[in-house]
Amino acid sequence: MAANAVRILLLALMSAAPAFAVETLPLTAAQKSNLGIQTIAASAPSSALAMTYPARVSFPPSSVRVIAAAGEALVTRLHVQAGDAVKRGTPLVTLSMPGLAEAQNALTQARLHSKLASNNAVRDEKLFAEGLIAESRLRATQSEAQSGRANLSAAQAALNMLGGGKVSGSTLTLNAPISGVVTESMTEPGSRVDAGMALLKLADLSKLALDIPLSTTQARQVAVGQSVAVAGSDARGRITALLPQLSASQSVLVRASLVDPQKLLRPGQSVQVSIAGERSADSMVLPSVAVVWKVDKPYVFVESEQGFVPTPVQVIRRNANQVSVTGLTVGSSVAIKGVAALKAQWLEE
């Protein structure tokens with residue numbers, strides 16, 4: 001019965017309306033009540049409307065370390081496996097490297113030669129000062145001392161290139177450069193590896209990131225520096241970059257930093273994030289149901305003494321439940337229920 005009464009009221013209103021859109025939809029208090037129309041007062045929000053998007057937790061490149069072999073070697077022992085949490089300096093992998101003993105021997109010889117050449121140069125400086133040797137001899141010993149220091153530096157660099165860690169003969173144990181979690185193991189004991197081959201990946205879980213795919217239209221509403229919040233947690237961050245190229249799915253990949261004080265998030269995890277934009281000085285936030293569209297132009301119904309006025313607005317931002325608009329004055333009474341009935345009367349549908 002109530003639905004029939006509303007339908008009859010709508011037909012009566014529509015039959016009384018002119019054959020074109022009107023500036024004001026006249027409604028009495030009784031008609032407003034029968035149509036279930038409710039309003040709210042438009043007010044300026046204290047903060048910008050946050051937009052909600054799906055995202056994926058990831059590692060920023062700066063938080064990942066690759067443990068690699070610096071020369072040909074045989075993996076003799078893996079001290080950790082994927083998923084293990086390690087502290088800085090923890091042994092990760094032990095390698096047998098034939099070239100390591102040679103490099104150590106070369107370094108020892110270079111160190112002895114450099115020390116001897118340096119001592120000779122100091123001795124000849126004293127002899128030259130006393131007038132006991134010619135200047136040419138002094139120059140020769142000084143040159144030999146410089147050559148010895150250069151050879152020592154080269155030998156030290158050659159040994160360092162084979163990898164830092166604990167060295168014992170031809171065995172090298174690589175240690176963790178940072179505290180973190182082993183995310184991937186690419187080798188096993190008994191494997192032979194070449195120079196530069198990755199052995200393990202280590203990541204710092206305290207430094208995470210967000211990958212947020214957006215449509216080109218959505219991407220125009222975000223900018224570097226905007227704050228990001230993860231739904232259901234205390235994790236927060238900021239937009240750091242919008243990739244210039246589109247992905248295969250024709251979306252813009254937005255990247256954000258992320259701090260997760262509760263340590264609830266994991267790389268690869270799908271989450272919902274909200275991005276807060278800049279608030280326009282004259283913007284108002286309304287429920288999304290308050291906005292109707294006539295062709296491609298948005299309107300809201302503002303209550304007046306005579307009824308409701310279809311008022312054009314500009315949509316600045318919107319999410320699933322709210323919309324930020326301009327074109328209204330503070331305190332305007334906007335319809336948020338019974339909007340479909342008002343639109344039907346307005347467009348004579």
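Note on the range 223-332: Cα-Cα pairs beyond 18 Å make up 64% of the total pair count. Measuring spread by the Cα atoms of the range 175-293 yields a radius of gyration and Dmax of 19.8, 69 Å. Between 152, 127, 286, the Gaussian network model of the chain with springs among Cα atoms under 10 angstrom shows the greatest mean-square fluctuation at 127.
Helix 2-16 and the longest principal axis of the C-alpha atoms of the chain enclose an angle of approximately 70°. Return the lysines within reach of residue 337: Cα separation strictly under 23 angstrom, same-chain partners fewer than 8 residues apart disregarded; answer none if there are no such residues. Those lysines meeting the cut-off are 32, 294, 297. Using the 1.4 Å probe convention, the accessible area of the chain works out to 55 Å² per residue with neighbouring protein chains retained. Along its first, second and third principal axes, ordered by size, the range 67-160 spans 70, 26, 14 Å in Cα coordinates.
For the chain, a simple Cβ point-charge model (Lys and Arg +1, Asp and Glu -1, everything else neutral) yields a dipole of about 500 debye relative to the Cα centre. Along its principal axes, the chain has C-alpha extents of 124, 53, 34 angstrom, given from the largest down.
Straight-line cross-link reach from residue 115 at under 28 Å between alpha-carbon atoms covers these lysines, not counting any fewer than eight positions away in the same chain: 126, 166.
The values are calculated or read from the model by the stated rules, or taken from the named source; none is laboratory data. These figures come from a predicted structure and were not determined experimentally. Neighbour counts are summed over all protein chains in view; Cβ atoms, including those assigned to glycine, are modelled from backbone coordinates with ideal geometry. Just the protein is used for accessible areas: all its heavy atoms, side chains included, with ligands, DNA and RNA removed. Shrake-Rupley method; radii C 1.70, N 1.55, O 1.52, S 1.80 Å.
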